[in-house]
1. Pick out, in residue order, every one of the chymotrypsin sites (Phe, Trp or Tyr not before Pro) in the range 340-445 that is DSSP loop and has at most 16 other C-beta atoms within 10 Å; say none if there are none.
2. Taking Cα atoms, how many degrees apart are the long axis of helix 320-335 and the longest axis of the chain, rounded to 10 and kept between 0 and 90?
3. With respect to the cross-link table entries 440/541; 465/580; 68/100; 382/622; 335/450; 275/504, which display a Cα-Cα separation exceeding 21 Å?
4. What residues have an amide H closer than 5 Å to that of residue 172, excluding those fewer than 5 places away on the same chain, when H is modeled at 1.01 Å from N in the peptide plane?
5. Using 16 Å as the cut-off for backbone N distance, which residues of the range 507-543 belong to the label zone defined by a point 7 Å from the Cα of residue 479 along Cα→Cβ?
6. Label points 7 Å out from Cα along the Cβ direction at residue 546 and residue 158: separation in nm?
7. State the antiparallel share, in %, of DSSP beta bridges confined to the chain, rounding to the nearest 5.
8. Restricting everything to alpha-carbon atoms, can you work out Rg to Rh for the chain with a Kirkwood hydrodynamic radius?
Amino acid sequence: MDFYSTTKETAGIELGVYMCGIIAILSSKPVTGRLVEGLSRLEYRGYDSAGVATVHENTIFRKRAEGKLQSLKNLLQEEPISGKLGIGHTRWATHGSATKRNAHPHKTDRVAVVHNGIIENYQLLKNELVNSGVQFQSDTDTEVVVHLIDQALQSGKTPEIAVTETLKKLEGAFALAIIFKENSNLLIGARKGSPLVLGIGENELFLGSDAWALAPWTQKICYLEEGDIVIMKHDIAFDYVILNEDGQPVTRSVRQLEQEVNVASKGGYSHFMLKEIFEQPKTLANTISSLIDEKNLKSLINLPIDFSNERLTLRLVACGTSYYASLTAKYWFEKYARILCEVDLASEFRYRDPVLGRNDICIFISQSGETSDTLAALNLAKSRGCETLAIVNVPESSMIRAADHHILTLAGPEIGVASTKAFSAQLAVLCLLALDIASKRKTIDDATMKEFLHELLEVPNLVAKVLQDVSVFDQLGLRLSCSRDVLFIGRGTNYPIALEGALKLKELTYIHAEAYAAGELKHGPIALVDKLTPLIAIAPKDSWFEKTASNIQEVASRGAPIIVLTDDANFNMSSSEFHKILLPTSSPFSACFIYTVAVQCVAYYTALHKGTDVDQPRNLAKSVTVE
Ligand code: M6R
């Protein structure tokens, strides 16, 4: 068989690699509405299709819809289903089409399943099932789980045994929630490689991909461990048993979480992203003041890590926007703390067999704390004996639990898929960490430290000033929304901010955008410059300003429309295609925060004029839990 004839049909089913969110409720009250509400809190994990199934009067009822959750909501309005036991799923597919046929739950007459993860040996299992006469209804790997359980039930096994025997046959990663036609009082969950939490409510029990999904109904949460199976029943009371990998009953600690329940509202803003952009003065103030003793102008960071070693190397590892925060921090760690700092993309780090030594401290930066590549990189660093620090926004996340140390960014829940306030909070933590280490290593003196901390405390006010009048970004967005390509440039710490600006624009508007270190343009990328390709230059009046100004001139003289973001009121150009956005006067530390907020606004307003889906851009998911 040659490459071209290896099609979906000949190769077997499509590989269903999912990030996905799952929820399940066993209650004394109807569950369908709450399943959907829980899914809306899990949409950050994917939104290609969604579905729910309930058990009612010894029948499994299922509704599934392609596309965003709203399609499922519409369907359920027309065709409601009842039940006090149910499961729900929101999907993000990397392989296999996002169709109704592939949407979860998958079911037979006897059993229905939602799944997050990948069954790696699905092909083998599927072949055996097909040979035994089973007909598949979808192109997913998940369906093998359904049929294996179904066959075991048919052979007279109890649901508990049918599930445990099936799980033994599965290779790969899964979080599963399973319901049975004949047992409207039984819900079974299992996890291996994918997260799953048990929620304990008043006369009800829950399963969810995270605690956030369950926050409106319970804050009593138990994190299931690798290989755990949870059997949840409603006999006289609601009760559960957790079995470990060896099938032995185990006790797992139940935590009382503090969660704001109603944060998932847009609070009068048209989009979550806009709300989150505007929250930044507050989230930055929260993050910064949690790490600075304002009265004595001292760092409150007190990590039990020895940073004094002369041979120390810091390794910063992250993905996407968090990677750009790490790139920015490299400038600070090297300039102020005088520590060699290497920055890696987690997806490269984990597979390139990095040289890691006893002198390395590995720092993992992540909004979600769940990103699969970053988590794997963290585990790799740990397995090589490195000390690990996680800088994460989500408390109770996998990275917080896995790392030796952690610092929380206090950005609060970020719902918009494009990261905004989490990024600026990461910058704040990294900046303070660099200064804290610099002060401990005495590479900056006390007076300088105080001066820098003072500058940082001013950042929330400066960011608020940028947001006082966003009409300039609105006008620019209108103009940019017709562009096909956009270039960004910046120098120093503003080079990563240019990269972040280009990423935000791409994510939100689908306009092709690239960012370059300003000095790098003439080494090739300047060939892209033409009259239809606007250049956005991040150009605060800092020590690199004159050099960036020359680079801007080089592009302007080749006819490109020029947009300069600067705090230099005198900067001017004769070209009619020149547009300046004047921003608050910045210091070396405050600049990257000010310009971050500016590029976020550029992307947001461009998307608004283009009419794209700001909060849920196509093909993306908030938490990337597959590699
Ligand atoms: O949760 P994390 O910070 O680990 O996520 C990393 C990236 O997936 C994330 O930053 C992504 O690039 C966002 N879509 C950026 O807006």
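The values are calculated or read from the model by the stated rules, or taken from the named source; none is laboratory data. Given the structure is predicted, the values throughout are model-derived calculations rather than measurements. Ideal geometry is used to build each Cβ from the backbone, glycine not excepted, and the neighbour counts take in all protein chains shown. Side chains included, ligands, DNA and RNA excluded: accessible areas come from the protein's heavy atoms. Shrake-Rupley method; radii C 1.70, N 1.55, O 1.52, S 1.80 Å.
1. Taking the range 340-445 and a limit of 16 other Cβ atoms within 10 Å, the loop chymotrypsin sites (Phe, Trp or Tyr not before Pro) found are 351.
2. The angle comes out at about 40 degrees.
3. Among 440/541; 465/580; 68/100; 382/622; 335/450; 275/504, the Cα-Cα distance tops 21 Å for 440/541; 382/622.
4. 120
5. 530-539
6. Spacing of the two 7 Å Cα→Cβ label points: 8.2 nm.
7. 65 percent
8. Values: Rg = 26.1 Å, Rh = 26.0 Å.
Value, to two decimals: 1.00.
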